[in-house]
Amino acid sequence: MSATAAPNPTPGAAPVGMALPGLVIAIGMIGDTLLYAVLPLYHDQFGLSLAMVGVLLSLNRWIRLFANSTVAHLGERIGPHALMIAAAVGSAVSTATYGLVEDATAQIFARILWGISYASLNLATLAYAVSDRANAGKRVGASRAAIGLVQAASLVGGAWIVLQLDARSVFVIYGGLTLISLAAALMLPRLPPEPVAKRGFRLPVPHRLEVWGFVMGFSGDGVFLLTLAFLMKDSITSVAAIMATAMLLALRWLVEVTTGPIGGWIGDRFGAQRISIANAALLVGGFVLIAADHELLGALLIVMTRGMFNTLIPVLVIERGQGSVLSSQASYSTWRDFGAAVGPLTAPWLFLNVPQTPLYAALSLALGTAAYFCLVRR
């Protein structure tokens, strides 16, 4: 389905600016973003084993696997505004819980709550972005740029707080800061709910774009993110491992700040497929470099290209979607989250039992094959 052929979800309504929706999701994400840098290195301070770290970092994705379609169905009934408010509350509670309670059960609860909250934030933000369907790519790019600035600052600032205080205190501080997202959500204008499909809830059937999302989620959002801190610990000794990891992850978000609006404009004007293919080739190259023991260069390439996909994918979803904006995005997000859930769950075992070269060579082969069948071919 082309972007111009799709029905406008808010007929007769003026497009809503993206400043407030972008602020809600950007502030809401700061706790989860920092967790990927902190938890693998400081799991002892949380009373967790490395295996439990993999479970926790994958758990929110497992929840989103089922929550994406449910949230989309709910959002079609109550509207994105209500989703945003509920998600902002959930974000603040989950972030503060990471630091307040040293208990695996509480951490599991926090990750479940965050999984539901992020599914709501993601889909509601997209709904606000496509209230101006003709400029959806630019608006998604602008939203991703705002998110990128906040995440980059929160990663570096959070790493500094960890070094000055400890790994748990930073999440208590960030839990308080996340309440800013609730204030912004309450100020959002309401969008008319989309027409509700008469059929009941169904898990989405994967198509080619969903398969690509699964492979990219497994490799880039799963195995790579969980092992990144250890790759940097072994390859960079001039700064603390937590700061090196945070700075590298911050680079991914800064890429979205600079390339997000440009990529969105290109997607609107020329279609997102061509630039997605080139971006995928560079992503595969990053995994090849890590397999060849060039960890820093490969990681730089991965985080840069992975950031670009966050802008390109929503445009591709709009172009290829078979249903409403919320349901189409939920279908892709479900399968991406499935891959990103399996990745961290298996990464500790893979990292400890499979040498770096064959592991990352296999991941690059899987990504390259998926890119050909899912992006190059239609």
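The values are calculated or read from the model by the stated rules, or taken from the named source; none is laboratory data. Computed from a predicted model, the values in this text were never measured in an experiment. We place every Cβ from the backbone using ideal geometry, glycine too, and count neighbours over all the protein chains shown. When the accessible area is computed, the model is the full protein with side chains, heavy atoms only, and any ligands, DNA or RNA have been set aside. Shrake-Rupley method; radii C 1.70, N 1.55, O 1.52, S 1.80 Å.
Out of the residues in segment 278-296 that are in contact (Cβ under 8 Å) with a residue 40 or more places away in the chain and open to solvent by 60 Å² or more (accessible area, probe 1.4 Å), which is farthest from MET308 (Cα to Cα)?
Going through the qualifying residues, I end up with ASP293.
Starting from residues that are buried (at least 20 other Cβ atoms within 10 Å of the Cβ) and more than 24 Å from THR227 (Cα to Cα), keep the ones in segment 57-73 and report whichever is modelled with the highest pLDDT.
Out of the qualifying residues, it is VAL71.
What single numbered condition from (1) at pLDDT below 80; (2) out of contact with any helix residue (DSSP H, G or I) (no Cβ under 8 Å at 6 or more places or on another chain) fails to hold for GLY157?
(1)
I need a count of the residues in segment 151-167 that are surrounded by fewer than 18 Cβ atoms within 10 Å (Cβ to Cβ) and not in a helix (DSSP H, G or I).
Count: 2.
Answer yes or no: is there a residue in segment 346-356 that is modelled with pLDDT under 75, open to solvent by less than 40 Å² (accessible area, probe 1.4 Å) and in a helix (DSSP H, G or I).
No, that holds for no residue.
Could you grab me the full set of residues in segment 144-190 that are of a type in the set (Lys, Arg) and under 18 Å from ALA92 (Cβ atoms)?
ARG168
Of all residues being open to solvent by 30 Å² or more (accessible area, probe 1.4 Å) and outside any helix (DSSP H, G or I) in segment 202-236, which is modelled with the highest pLDDT? Just the residue, please.
Ranking the qualifying residues of segment 202-236, first place goes to HIS207.
Can you name the number of the only condition in (1) modelled with pLDDT under 80; (2) in contact with a Phe, Trp or Tyr (Cβ under 8 Å, 6 or more places away or on another chain); (3) more than 20 Å from LEU126 (Cα to Cα) that GLY298 fails?
The failed condition is (1).
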